[in-house]
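Some notes on the structure that comes next.
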Amino acid sequence: SQKIEQNSEALNIQEGKTATLTCNYTNYSPAYLQWYRQDPGRGPVFLLLIRENEKEKRKERLKVTFDTTLKQSLFHITASQPADSATYLCAPLTGGGNKLTFGTGTQLKVEL
Amino acid sequence: KAGVTQTPRYLIKTRGQQVTLSCSPISGHRSVSWYQQTPGQGLQFLFEYFSETQRNKGNFPGRFSGRQFSNSRSEMNVSTLELGDSALYLCASSLVGTGDGRSPLHFGNGTRLTVT
């Protein structure tokens with residue numbers, strides 16, 4: 001069956017460092033993969049989308065990579081700030097329409 | 001532009017009752033998707049509506065149903081509530097082009113349902 005894995009353990013890093021979050025998927029080949037940020041008590045907020053033929057996508061301090069051979073996407077936040085503390089969800093596209101399947105998310109804590 | 005609005009924000013119901021949740025998408029968005037979020041299972045896809053038609057459905061029992069109106073507003077209904085239905089229910093709208101997942105989802109802040 002299709003499976004999406006994100007590190008369930010919280011990631012604690014120091015302000016100014018680069019945070020790297022991992023999303024692994026098995027048993028399918030998504031054409032697109034999206035990343036979202038979720039703060040407590042709020043809905044997820046879209047951050048970046050990457051296509052299968054794109055190796056890397058950047059937006060300000062954010063960078064996403066998509067390795068279809070390894071079946072893995074990496075999400076990087078450079079020069080991290082305490083305001084970046086949140087849960088980050090990856091969502092590869094499965095099926096038609098807007099049927100995104102979300103990983104369980106990784107909680108990031110950026111400490112001063 | 002107003003975001004996705006979900007009402008009510010909080011709801012407490014008793015086992016066996018039914019509940020209706022409402023979602024108003026971003027103006028111009030024709031696709032509305034519903035997700036259930038629990039600490040153990042994460043975000044689980046319920047269904048998606050596009051132009052009043054259900055286009056995709058997740059693996060939930062028939063007690064979970066939804067509909068979309070001509071103005072794209074959507075409702076979801078859960079009948080015969082069970083304790084396990086306690087969750088955050090999220091609605092998301094998107095401006096769908098070809099409907100192949102290139103449109104980001106814009107989520108509301110959800111309805112927190114507690115079943116006692």
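Brief remarks follow.
- Residues that are within 14 Å of chain B (Cβ to nearest Cβ) and small (Gly, Ala, Ser), drawn from region A:74-112: A:Ala86, A:Ala91, A:Gly95, A:Gly96, A:Gly97, A:Gly103, A:Gly105
Each row is one residue, and each column tells you yes or no for (1) in contact (Cβ under 8 Å) with a residue 12 or more places away in the chain; (2) surrounded by fewer than 19 Cβ atoms within 10 Å (Cβ to Cβ); (3) among the basic types (Lys, Arg).
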| site | (1), (2), (3) |
| --- | --- |
| B:Leu21 | yes, no, no |
| B:Ile26 | yes, yes, no |
| B:Arg30 | yes, yes, yes |
| B:Gly40 | no, yes, no |
| B:Met76 | yes, no, no |
| B:Ser79 | yes, yes, no |
| B:Glu82 | yes, yes, no |
| B:Ala92 | yes, no, no |
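- Looking only at region B:7-25, residues that are within 14 Å of the chain's Cα centre (by Cα) and not in a strand (DSSP E or B) come to 3 in all.
- Here the condition is being more than 8 Å from every other protein chain (Cβ to nearest Cβ), assigned to a strand (DSSP E or B) and under 16 Å from B:Thr20 (Cα atoms); of B:Leu81, B:Leu90, B:Leu113, it holds for B:Leu113 alone.
- The listed residue being more than 26 Å from A:Leu49 (Cβ to Cβ) and in a loop (DSSP other than H, G, I, E, B), out of B:Pro61, B:Pro104: B:Pro61
- Only one of B:Gly28, B:Gly66, B:Gly16, B:Gly99 that is within 10 Å of chain A (Cβ to nearest Cβ) and either modelled with pLDDT under 95 or over 23 Å from A:Ser29 (Cα atoms) (or both): B:Gly99
- Of everything in region A:10-68 that is exposed (fewer than 14 other Cβ atoms within 10 Å of the Cβ) and within 28 Å of B:Thr7 (Cα to Cα), the residue that is nearest to the chain's Cα centre (by Cα) is A:Asp39.
- Among the residues of region A:20-35, those identified as assigned to a strand (DSSP E or B) and facing another protein chain (nearest Cβ under 8 Å) are A:Tyr32, A:Gln34.
- Among the residues of region A:48-81, those identified as among the aliphatic types (A, V, I, L, M) and part of a loop (DSSP other than H, G, I, E, B) are A:Leu70, A:Ala79.
The values are calculated or read from the model by the stated rules, or taken from the named source; none is laboratory data. All values derive from a computational prediction rather than experimental measurement. In this analysis, Cβ positions are derived from the backbone assuming ideal geometry, glycine residues included, and neighbour counts consider all displayed protein chains.
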